[in-house]
Amino acid sequence: MIIAAALPRLRRDHRLAEAEAVARLKKLQPREPGPIEAMALELAQRVRATPPGPLSAESFLRHYGLSTREGVALMCVAEALLRIPDAATQDALLREKLALGQWSSASAADWALLLTGKLMQWHDDPSALKNAIARLGEPVVRAAVRQAMRILAEQFVLAETIEEAVKRGAARAPCVHSYDMLGEAARTAADAARYMELYARAIRAVRPPDTISIKLSALHPRFEELKRSRVMAELLPRLRSLAELASQRGVGFTIDAEESERLELTLELHGALAQEFPAGLAVQAYQKRALAVCEWLVELGHQSGRRLPIRLVKGAYWDGEIKRAQQLGMPDYPVFTRKAATDLSYVACAAKLLEAPDAIYPAFATHNCRTVATLLQIGQGREFEFQKLVGMGDALYDLLLAQQQVRVRQYAPVGSFTDLLPYLVRRMLENGANTSFVHQIADPEVPLEALVADPLAQLPEPYAPDERIPLPRNLYPDRLNSLGVDLARRDILDALAQKIASDPPLPAVSSATDLPVLIGRASAEFESWSSVPAEHRARRLDIAAELLEGRMAELVSLIVREGGRTCADAVAEVREAADFCRYYAVQCRKAFGAPKVLSGPAGERNELHLHGRGVFACISPWNFPLAIFAGQVAAALAAGNTVIAKPAEQTPRTGARAVEILHEAGIPADALILAVGDGESVGAPLVADARIAGVAFTGSVETARLINQSLAQRDGPIVPFIAETGGVNAMLVDSSALPEQVVDDSVISAFQSAGQRCSAQRILFVDEGAAPRVLDLLAGALAELKVGDPREPDTDIGPIIDAPSQAALARHIAKLRKSARLVGEAPAPTAKGTFIAPIAFQLALADLPRTEVFGPVLHVCTYKRAELQTVLKWLRETGYGLTLGIHSRIQSFVDEVIAATRVGNTYVNRSMIGAVVGVQPFGGEGLSGTGPKAGGPHYILRFATERTLTVNTAAVGGVTELLTK
Ligand code: NAD
């Protein structure tokens, strides 16, 4: 553990309050900004006056900033076009994206020219493009745009092979290069092996002082904290062998920076390499930990006796960092929310690196005139280099090279245009390049003085983070977001694993034997609970949410041990339960707080009141033992009902603990009563009891039918029945989809929680053209999953809930092994138990299952675009309608699928599980459930009865509102 000494500092700063982080950085800024300002302004003036080379990447960005529709349209085309195998889909993409633009700007001319000159007239007439498509025919346009995309690719990508890149690089002296062999991160062992080979080949081809950049996620399919021991055992030796080769040839290398959750692991690997080699590393200034990282690197350089090449960048994954922190409910962001704060951090880090020339050889990657001017000043007399991206910042660096003695290195992506262009474009799209310096310097509307202004002067005083980016906790206007757990942090993971390992064995539980008595108690409590003010009920639920979050570790341990869920699943469950409590508290205040006053004739007051109905039976499944259990109960209680809550027989302890917590929050003991037992001996008599005023059920469609029949046979009032049941959930993928993204999302959707989610993907419909790559990746990704004991944090897939379910799945798989084509499967479980290793089979449409297979089995079916309607008809005819995934870059495809399906929750270009309370209200239609959706605004209403009150106000004193007019 070489990095151990730095960890406390790094962890302290990881999600530090931004104001605190900035306060520290402010003290580390240059004392005399005057000369910096003057130099920055002069540089900026000259850069703005230099027109970018025609057809350069910069000119592309200048003309089509990502804030324009045309820019986004062209980027979308660039991202997808080259990978689409069939002409029809290519045309569909072009038709759709190019029709979006107003191609009237004169600056379109050079890009129009690219299209073999044939579309030159775009800029004269906004509709010219559409006319051109009509006139020339789509094949010509397609060929022309493909050609244009290649030319565009050549601006960003130095060459397709390293040998060619080295040749071209040599012609660009005095610039030296750092070659970057990247594309997507590896998803499979084969990908990683291929990248390994590419890096080794690059090291052999490169001549010093050129260097290479290494992306760790390309060299291992599971480069993540959870897989630390695999990473150390497999990736470190690979890196070592590359480093050895590099050192034999005298070629320098730098490890690239990636997402913030990979930082500790990256530092660990880099620290190990630095003991033997002068290993380089990229540091992202936008991270709050950046300064602590630089301090650590200085120590590492001193301690190892090596001068480490360190590249300082601003950071390229900002949007993703913000989004992920919000999704995971993190206490704060790992990155700054303001660009000016990142600029301060950059300068502070640069100063730190420059201070230690014996330990560090700094490289400053920037295209920003102010940053360059600052570095030239604070780096006077020090040895360092600038770095720039191929195709970017040319004017600035040409100027610098002409004026001063500076060293400039180009960061040069190398690889096939088909792979790299989409990758680079995605980076640009994700990072909103229109806020970047490169974009703004081209915009005459942005005054240069403002552009090069001191970042210190741009900060609010007192400092506050960007108000448009609330803390993850404050994402919603009317309630708190649930607090998550950072499972990418080793210390947190270890503490959780330790807690789970040291908890005592699960206690025995006894079944409810006196159900009629329990129902009697709940009935007696109803009058009192239903008449307390809504605010009082809501407040209890808010408190329950806090208690749930406060007991995170205890609940995670229970869910893991009793329900066989992984730690990540269990954390998500506790969060969902807390979200349900807070969400229904908000709904309770809104709907039950005061009567709704209705319009009507003069002299009359009309009000609509909502009331509880009586005793609700809440019957939940084992697969979300806390979230669904707590969600049903919270809604029923919020609406003023008392509740008999029956957890599934497999997970009674989690249900019991939830009831205890709700009682602790102030729900009276008889307003919420636990009834443990199986369906037959407790569930069935419960719903059959005439005192039950409503049933909320989640489970299988078969049980839902039984309950429905039982309710129908009861005498007395007809009561509401809310049933959420299963699904035959499909993902539809066309040939414009990104295969890597499809497979990432399919693996999550089909196999997470061992496929034991109602929302889980059961079928993958993939376009024939995209199928070979998708299925190849799927097989490779399956091979990387660990199936085993969920108490081990690195387990991806835990057990099947019980032996009968496991046996049923095993029978289904045995049948498919004989009748279908095996696509791929996960390795055998690493522990003994009721496991089923995830598996995928390819079948014909007619052979696909029409009922729910509740486990980690994915059924793949390929289709031709012309057969889409047949596939959609098949899907409708299953009668289920729970979740649906769509992966496509073509809106008309997405629209066509949505129009022809009847499904509760549809997800486009993402995974299809993990609905968030209040954000994606959840629930299906047809055989999948009655609705209303859980975690949606209408759910709580179904638990209520409505009463109106009409008062003839004229009876006492006339129609006052008329008389007083
Ligand atoms: P299940 O139907 O076997 O059991 C669900 C609950 O019903 C359990 O508490 C059980 O004891 C009870 N029950 C069983 N027979 C009963 C009867 N005759 N009368 C009253 N209660 C009875 O379902 P499960 O195996 O626990 O859960 C898996 C199923 O749940 C899957 O089909 C899954 O798709 C579905 N599910 C749906 C959703 C959703 O929101 N749509 C969410 C999670 C699970």
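Before moving on, here are some points about what is shown:
- Asp486 crowded, with 19+ Cβ neighbours inside 10 Å, out of contact with any Ser or Thr (no Cβ under 9 Å at 6 or more places or on another chain) and at pLDDT 95 or above: yes
- Checking each residue in the stretch 685-700 for being closer than 19 Å to Gly929 by Cα and near the ligand (Cβ under 7 Å from one of its atoms) picks out Val687, Phe697, Thr698, Gly699, Ser700.
- In summary, helices (runs of 4 or more DSSP H) completely within the stretch 72-187 and bearing 2 or more residues that are surrounded by fewer than 16 Cβ atoms within 10 Å (Cβ to Cβ) and at pLDDT 65 or above occur at 87-99, 138-156, 162-170.
- Test: Lys339 is free of Cβ contacts under 8 Å to residues at least 12 places away in the same chain and within 22 Å of Ala17 (Cβ to Cβ): no
- Taken over the stretch 640-652, the criterion of being touching a residue at least 40 places away in the same chain (Cβ under 8 Å), of a type outside the set (A, V, I, L, M, F, W, C) and within 14 Å of the ligand (Cβ to nearest atom) is satisfied by Lys646, Gln650, Thr651, Pro652.
- Pairs, first farther than 22 Å from Ala934 by Cβ in the stretch 701-723, second away from the ligand (no atom under 13 Å from the Cβ), C-beta under 6 Å, six or more apart: Arg714/Ala690; Gly716/Ala690
- Answer residue from the stretch 855-900, given it is in a loop (DSSP other than H, G, I, E, B) and hydrophobic (A, V, I, L, M, F, W, C) and is nearest to Gln752 (Cα to Cα) among those: Leu882
- The stretch 76-95 residues that are over 23 Å from Phe156 (Cα atoms), paired with ones that are part of a helix (DSSP H, G or I) and polar (S, T, N, Q) (beta carbon under 7 Å, 6 or more apart): Ala92/Ser892
- Taking every residue in the stretch 666-679 that is more than 13 Å from Ile644 (Cα to Cα) and pairing it with any residue that is part of a loop (DSSP other than H, G, I, E, B), at least 6 positions away or on another chain, the pairs with Cβ-Cβ distances below 6 Å are Asp678/Glu649.
- Among the candidates Val682, Val659, residue that is under 37 Å from the mean Cα position of the chain (by Cα) and crowded, with 20+ Cβ neighbours inside 10 Å: Val659
- Test: residue in the stretch 288-303 that is polar (S, T, N, Q) and crowded, with 21+ Cβ neighbours inside 10 Å: no
- Selection over the stretch 4-36 of residues that are among the basic types (Lys, Arg), assigned to a helix (DSSP H, G or I) and free of Cβ contacts under 8 Å to residues at least 24 places away in the same chain gives a count of 0.
- Taking helices (runs of 4 or more DSSP H) as the structural unit, those lying wholly within the stretch 275-379 and holding at least 1 residues that are farther than 30 Å from Glu573 by Cα correspond to 290-304, 339-354, 369-378.
- Residues that are in contact with a Phe, Trp or Tyr (Cβ under 7 Å, 6 or more places away or on another chain) and in a strand (DSSP E or B), drawn from the stretch 613-642: Val615, Phe616, Ile619, Thr642
- When Ser528, Ser557 are checked against the criterion of being of a type in the set (S, T, N, Q), farther than 22 Å from Ser482 by Cα and at pLDDT 95 or above, a single residue qualifies: Ser528.
Quick grid of which residues meet (1) touching a Ser or Thr at 6+ places or on another chain (Cβ under 7 Å); (2) within 16 Å of the ligand (Cβ to nearest atom); (3) of a type in the set (A, V, I, L, M, F, W, C); (4) part of a strand (DSSP E or B):
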position: Thr906; (1), (2), (3), (4): no, yes, no, yes
position: Gly914; (1), (2), (3), (4): no, yes, no, no
position: Gln920; (1), (2), (3), (4): no, yes, no, no
position: Gly936; (1), (2), (3), (4): no, yes, no, no
position: Arg942; (1), (2), (3), (4): no, yes, no, no
position: Arg947; (1), (2), (3), (4): no, no, no, yes
position: Val951; (1), (2), (3), (4): no, no, yes, yes
position: Ala954; (1), (2), (3), (4): no, no, yes, no
position: Glu961; (1), (2), (3), (4): no, no, no, no
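- Only listed residue being at pLDDT 95 or above, out of contact with any Cys (no Cβ under 6 Å at 6 or more places or on another chain) and not basic (Lys, Arg), chosen from Ala412, Ala373, Ala395: Ala373
- Residues of the stretch 645-691 that turn out to be in contact with a helix residue (DSSP H, G or I) (Cβ under 7 Å, 6 or more places away or on another chain), part of a helix (DSSP H, G or I) and among the charged types (D, E, K, R), as a count: 3
- Among the candidates Glu724, Glu740, residue that is near the ligand (Cβ under 10 Å from one of its atoms) and not small (Gly, Ala, Ser): Glu724
- Scanning the stretch 875-899 for residues that are more than 22 Å from the chain's Cα centre (by Cα), hydrophobic (A, V, I, L, M, F, W, C) and over 18 Å from Ala915 (Cβ atoms) yields a count of 4.
The values are calculated or read from the model by the stated rules, or taken from the named source; none is laboratory data. The model shown is predicted, which means the values in this text are computed figures rather than measured ones. Cβ: placed from backbone, ideal geometry, glycine included. Neighbour counts: every protein chain shown.
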